[in-house]
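One structure is given below, encoded as structure tokens.
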Amino acid sequence: MAQLWGGRFTKETDKLVYNFNASISFDRKFYEQDIRGSKAHVAMLARQGILTEEEKEKITEGLDGILADVKEGKLAITSEYEDIHSFVEANLIDRIGDAGKKLHTGRSRNDQVALDMKLYVRDEIDAIDAEVKALLEALLKIMEENVHTYMPGFTHLQKAQPVTLAHHVGAYFEMFRRDRGRLQDIRKRMNTCPLGAGALAGTTYPLDREYTAELLGFDEATRNSMDSVSDRDYVIELLSALSTIMMHLSRFSEEIILWNSNEYRFVEIDDAYSTGSSIMPQKKNPDIAELVRGKTGRVYGALVSILTTMKGIPLAYNKDMQEDKELTFDAIDTVKGCLALFGGMVSTMQFRKENMEASAKNGFTNATDAADYLVNHGVPFRDAHGIVGQLVLKCIDQGISLDELPLEEYKALCPAFEADIYDAISMKTCVEKRNTLGAPGPKVMEQVIAQCRDYLER
Ligand code: ARG
């Protein structure tokens, strides 16, 4: 048991207490950030004359050595240390002797862990943002290839009006684009450096907090030391943004599961992204989409968990906050994994365009357009709506689509119908005439796609 305290204690910590308290099993994940923070701290201490240049050199070299050895697997982070901070400090002292004992001058583990967590979250925001961007690339490719792929658009999971695959996928493009915006907002807001806040009330050493903030790539130093050590807002914001990403992935997964079913047959998930059944030889299951949908609950869980942990914590640091790590790490890893797998699945998926178009055709998705035809011939919309409703009923009786209903039947209900009704309600007209901004019409869709391309290249 290697810990950084003990002077005022007369007994060894109970083994169970030690284990309950220890965080090394998970905070080992940010050894790199811990060392990065320590190097900045030491550089500042030397600049302020609190450490000598020689001490700084020795400590920095020692820290670099620890970092390299851990990375190369030569030095294991084991549970004999209480936390990652103790691990680094103890190893430093082993390596360089007394100079290592000066590393923690003017610092507390409270501002240290606040810094480590921020550095870690900031790094991960960048990594997640890159994954979301890669997914957007995959979606945009599908959009570019499917401006003329007709499919039914749904409301209430009932066929409503025809759209295109580009348009449908474009809806997800917008969602994930907002997700990136959220990540960037959080990154900007959280980018203040807590190092130098000490345990809670700063320190009497003449630290230069602006300098460490700058060395570590922060926009500025935090302004209140009590808030600095007890702020986990950015963790909550991140988990909220991650929950939203998962919600989007889950909705899309749900659609892919439906589309991949025998009833829809809109897509065929690639063999590499499907699994079989141990008993039913015919099965090819969309497990990846189901798992992504399933893992959403676990990320929401992390958000609710940290919100609940934080709600009763008096200022400033309290040990409860150690609970922020495991669930945040798990949520980050889950989201990164889901984004990568989901991207692979959608970019290898085959779209069964003929089935999509056939489905759009036989679901009366052109009924609104038939009503609009009448409106264009002077019939008030409410009357047109009623007339086309009756036409749909006739078609259902005969088991045919509106395109197949003879002109006499149209005319029998309303003389305003002429032979050009068939053209007016063809799938091509229904989709291609919808050219208001944001609609599926190929003309406007292509403009939107060009904007999306611009955005990704920016
Ligand atoms: N493992 C602790 C955490 O994650 C580090 C901070 C410890 N500070 C303390 N005063 N015990 O929050």
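Every number in this text was worked out from the coordinates using simple rules, so none of it is lab data. Owing to the predicted nature of the structure, the values given are computational and were not obtained by experimental measurement. Cβ: placed from backbone, ideal geometry, glycine included. Neighbour counts: every protein chain shown.
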- Loop-resident trypsin sites (Lys or Arg not before Pro) in segment 9-105 with no more than 10 other Cβ atoms inside 10 Å, DSSP not H/G/I/E/B, are K11, K74
- Item | Listed peptides 188-197, 155-164, 139-148 by packing density, highest first (mean Cβ within 10 Å) | 188-197, 139-148, 155-164
- Item | Label point at I396 placed 7 Å out along Cα→Cβ; residues across segment 122-159 whose backbone nitrogen lies under 20 Å | 152-159
- For the chain, calculated [θ]222 nm from helices alone, where every DSSP H run of n ≥ 4 adds -39500 (n - 2.57): -20000 deg cm²/dmol
- Note on the structure: Computed for segment 1-81: size of charge dipole around the Cα centre, +1 on C-beta of each Lys and Arg, -1 on C-beta of each Asp and Glu, debye to nearest 20, value 280 debye
- Note on the structure: Treating only Lys and Arg (+1) and Asp and Glu (-1) as charged, each at its beta carbon, one finds that segment 343-446 has a dipole about its Cα centre, in Debye to the nearest 20, of 380 debye
- Arrange F364, F381, F26 by Cβ neighbour counts within 10 Å, fewest through most, would you? F381, F26, F364
- Item | Kirkwood-based Rg to Rh ratio, the chain, C-alpha trace | 1.16
- Query: Between E326 and S426, 0.36 nm times their residue separation minus their Cα-Cα distance comes to what?
  - Reply: 30.4 nm
- Return, ordered by residue number, the residues of segment 165-204 whose backbone nitrogen is under 19 Å from a label point located 7 Å along Cα→Cβ of E354. 165
- Query: With each pseudo-label sitting 7 Å past Cα toward Cβ, what's the T155-L75 distance in nm, one decimal?
  - Reply: 6.3 nm
- In the chain the DSSP beta bridges are antiparallel at a rate, in percent to nearest 5, of 75 percent
- Taking +1 at the Cβ of each Lys and Arg and -1 at the Cβ of each Asp and Glu, which of I128, H167, Q112 sits farthest along the dipole of segment 72-207 towards its positive end, judged by Cα position relative to the Cα centre? H167
- Work out the charge dipole of the chain with +1 on the Cβ of Lys and Arg and -1 on the Cβ of Asp and Glu about the Cα centre, then indicate which of T10, A43, A450 is farthest towards its positive end. T10
- Message: With equal scatterers on the alpha carbons only and no solvent term, can you work out the Debye log10 of I(q)/I(0) for segment 33-183 at 0.08 1/Å?
- Response: -0.45
- Message: List the GluC sites (Glu not before Pro) within segment 370-458 that DSSP assigns to loop and that have no more than 14 neighbouring Cβ atoms inside 10 Å.
- Response: E418
- Normalised per residue, the volume inside the convex hull of the alpha-carbon atoms of segment 242-394 in Å³ amounts to 219 Å³
